[in-house]
Amino acid sequence: MAQDVKSDLNFGDQYSAWVNERHITDTEEDVYVEQIKSLGYAIIEDNYDASDLKFIRKNIDKIYARQVDEIGGEHHLTEIGDANIARQLLAYDDFFLDCATNEKVLGIVRRLMGDYFVLYQQTANLHKPGVVHTTHPWHRDLTFWHYTSSRPLAMTALHVIDDYTDDCALKILPATHLREDFPSNAYVDNNAVKVSAKAGTIIVFNSMMFHRAPYNYSNEVKRSMPHFYTMHLIRQEISLPRILGGKWSHDPFLRRFLGYDIMSQDSVVDWRLEKLSNKRKTLKAH
């Protein structure tokens, strides 16, 4: 007669698997890093309180208005596809340096990119009700780049300043940082994901993951604050060191982070003199 075989194995456990290797996560940061490697993104909630968000909203609007005046009117920004975008916020208020150096974000970036990365750009998007924006089409933050890399070339931290929920949610194509081309329409229809996020959330993602900003169907401005961190070989499109004029250059981390050590020089002599005045390492002759 057949007998039931008793076993201590729990085959019904949701984590049971026939495997020899398993990835283990011990910390919250481990979880974020694993998800970004596989899916391309992670969500960090509750990074700003109500007073911080109020300050950020007010100053984003203030900085954008100033930049509109500097260029001679918003019609010039519309002409070049740069309307409703405020750029390099930390050059206008020190508070935004704290945003750019959020420790949770930088911890993730270090794990994925190593210790030497640069703040490529800090911007703010203003999505106004019923107004089209250049961030609406699907894109990578390294626009028009069609290749992959074993480690991220760039990471984006999107700070959500107003609620991005329901019809105003960010859309992403998970794991598309792992493919070179933009997928077919059918793939987009079947795999696009809405990422709803309340104000104060930071969405951290591989900059090569395809995503698109929401069209604003609400009656209020929706602001977000993208931060772009790149390998130091990717030079800043807008030079923070030249804007800042030496500010924060005496802090070793901020000097590298803000791009002082990778500024393009006008001549060979200038390049060498900068190296002499700011030695990054000691070389011994043998």
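Just so it is clear, none of the values below were taken in a lab; they were calculated from the coordinates. The structure presented is a predicted model; accordingly, all values stated were derived computationally and were not measured. Note that each Cβ is placed from the backbone with ideal geometry, even for glycine, and that neighbours are counted across all protein chains shown.
Data table
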| quantity | calculated |
| --- | --- |
| Between 0 and 90°, nearest 10: helix 50-71 axis offset from the chain longest Cα axis | 40 |
| Inter-probe distance in nm under a simple model that places probes 7 Å from Cα toward Cβ, at Met263 and Phe95 | 2.8 |
| Acute angle (nearest 10 degrees) that the helix 103-113 long axis makes with the longest principal axis of the chain, alpha-carbon atoms | 80 |
| Relative packing of 123-129, 261-267, which averages over residues the other C-beta atoms within 10 Å, highest first | 123-129, 261-267 |
| Highest average packing first - 254-260, 239-245, 14-20, Cβ atoms within 10 Å | 254-260, 239-245, 14-20 |
| Computed over the chain, Cα set: Rg, Dmax in Å | 22.4, 93 |
| Extension gain, Glu103 back to Asp69 (0.36 nm per residue minus Cα-Cα distance, nm) | 8.8 nm |
| Cut-off 13 Å (backbone N to label point 7 Å along Cα→Cβ of Trp145), residues of the stretch 78-106 | none |
| R0 of 45 Å, Cβ-Cβ distance Ile80-Ile24: FRET efficiency to nearest 0.05 | 0.40 |
| Separation between Cα centres of the stretch 215-286 and the stretch 129-203, rounded to whole Å | 25 |
| Separation of the Val31 and Asn278 label points, Cα + 7 Å toward Cβ, nm | 3.9 |
| Residue-wise HN-Hα coupling along the stretch 32-48, computed from phi with Karplus coefficients 6.51, -1.76, 1.60 (Hz; x: Gly, Pro) | 4, 5, 4, 5, 5, 4, 8, 9, x, 8, 8, 10, 10, 9, 6, 9, 9 |
| Difference of contour (0.36 nm per residue) and Cα-Cα distance, Lys54 to Arg111 | 17.4 nm |
| Cβ crowding within 10 Å averaged over residues, with 96-105, 153-162 ranked highest first | 153-162, 96-105 |
